[in-house]
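Every read-out reported here was derived from the displayed coordinates using simple, explicitly stated rules and does not represent laboratory data. Note that this is a predicted model, so its numbers are computed, not measured. Here the Cβ is made from the backbone with ideal geometry for all residues, glycine too, and neighbour counts use every protein chain on show.
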């Protein structure tokens, strides 16, 4: 198979010099980037068999979502705004009754939505019930990602998800082995632990030991994330992690809304990665505009990446919507327009995501030797004109409607706005059908405040 040339584009490389190349070209050979630079120079130095005319296109490295729940796409926007005890009364019945078929189609739907909005790599949040079904969906779409499975050992309910510490660790080890045997280089697996209120110290320590023994990362789903965690015990969650010896450079912790100076020192000292989920945090009233210290984390050199969270949190997995929000909310809350400039937020959606998932040597920028994970935007949309500052346009103006094509590992998975490998209509029809059956089994129903006739 010959090389592919993407020719004539404006290329936002995100390389160490943050080059933006006018009339640029990228050469893809197999899964990797062979060349990037000015079109004339690249074409004189490299041969190619396929050429994509990228005149009036903008090329960006694929976005990286570091915290997303695949399963909940089967019940998107189910939970009403005013629901009390939404976790035990709404979500837990769904997860307890989730079939492998449900999870397969939920994963397909989530992956399609991610690709269509420019996300080429993601990390699951740690709530897969049937991870083999999710892996199958990933293979079919062609997306890159890290899977994990449901991992907790403290709460006894729901009974179908109850497991001991030993069983939780054994199930993680089995999944890691299963994913390894798939021999699919776009699918990886980490131990992913839900959080302190669901995981014992023994489970946290065991998961860290498992990750270290396999050379993997470790994800903690929740820490210092909701107002109830302002209590003394839970505010000290990060310090407790440090006391247990589980903080490390291969650890990613999600949310981290309620932090103090000592917490920031621990994050910096141990090189812990933080996954910030702004759209979900705002819907769940976590108080990020008042309490969140994510700009301070970035200023301290802490890796802060971005996550969409769930289809009952953000209710979407659209990174462009996330970067638009994060670039604005902290400017307003700090009353300082210099906070989180557009360039920094684009780094969070690409380079920081790659670092958080321990893939900074292979994804996150358009550089020779890295994987060809690329978003190609079509400028034939009003949001792209005039193009005076490409970073500003991407963060504040551009939407997913202008995404033309997406490459992952050199494979085109979205071509002129159409998924290449997936029958989207079949997925939508099955998600609609299965969601109704799942709600019947779970005993939950949407609460409609407007009459449906």
Based on the Cα atoms of segment 278-365, what semi-axes does the equivalent ellipsoid have, where each is the square root of 5 times one gyration tensor eigenvalue, given in whole Å with the largest first? 20, 17, 11
The value for segment 124-164 (convex hull of the alpha-carbon atoms, volume per residue, Å³) is 68
Could you line up 213, 99, 365 from fewest to most neighbouring Cβ atoms inside 10 Å? 213, 99, 365
For n ≥ 4 DSSP H runs only, could you compute -39500 (n - 2.57) per run for the chain, divide by its residues and tell me the 222 nm figure to the nearest 500? -10500 deg cm²/dmol
If one takes the longest principal axis of the Cα atoms in the chain, at what angle in degrees, from 0 to 90 and to the nearest 10, does the Cα axis of helix 131-141 lie? 20
If eta is 1.567 mPa s and T is 4 °C, what Stokes-Einstein diffusion coefficient results for segment 13-158, Kirkwood Rh from Cα pairs, in µm²/s? 71
Using only alpha carbon pairs under 8 Å that are at least six residues apart, calculate the relative contact order of segment 12-95 and give it in whole percent. 21
Please compute P(r) over all alpha-carbon pairs of segment 297-452, binned at 5 Å starting from zero, and give each bin as a whole-number percent. 2, 7, 11, 16, 19, 15, 11, 10, 7, 2, 0, 0
Along the Cα-to-C-beta direction of residue 184, a point sits 7 Å from the Cα; which residues of segment 92-131 have their amide N less than 11 Å from that point? 108
Using only the Cα atoms, what convex hull volume per residue in Å³ does segment 243-308 have? 85
Under 20 °C and 1.002 mPa s, how fast does the chain diffuse according to Stokes-Einstein, given a Kirkwood radius computed over C-alpha pairs? Answer in µm²/s, whole number. 96
Per-peptide average of other Cβ atoms within 10 Å, ordering 309-315, 184-190, 333-339, 343-349 highest first: 309-315, 343-349, 184-190, 333-339
Please determine, in degrees from 0 to 90 and to the nearest 10, the orientation of helix 424-442 with respect to the longest principal axis defined by the Cα atoms of the chain, where the helix direction is its Cα long axis. 10
Given a Förster radius of 41 Å and the C-beta distance between residue 89 and residue 46 as r, what FRET efficiency does 1/(1 + (r/R0)^6) yield to the nearest 0.05? 0.10
For the chain, find the longest principal axis of its Cα atoms and tell me its angle to the long axis of helix 100-116, 0 to 90°, nearest 10. 40
Among 6, 366, 176, which comes first, then next, by fewest other beta-carbon atoms within 10 Å? 176, 366, 6
Please tell me the relative contact order of segment 399-439 in percent, rounded to the nearest whole number, where contacts are Cα pairs under 8 Å and at least six residues apart. 22
Taking the Cβ-Cβ separation of residue 424 and residue 82 as r and a Förster radius of 45 Å, what is the calculated FRET efficiency to the nearest 0.05? 0.85
Starting with the fewest neighbours, write out 70, 438, 452, 98 ranked by other beta-carbon atoms found within 10 Å of each beta-carbon. 452, 438, 98, 70
The chain, relative contact order [Cα under 8 Å, separation at least 6], %: 20
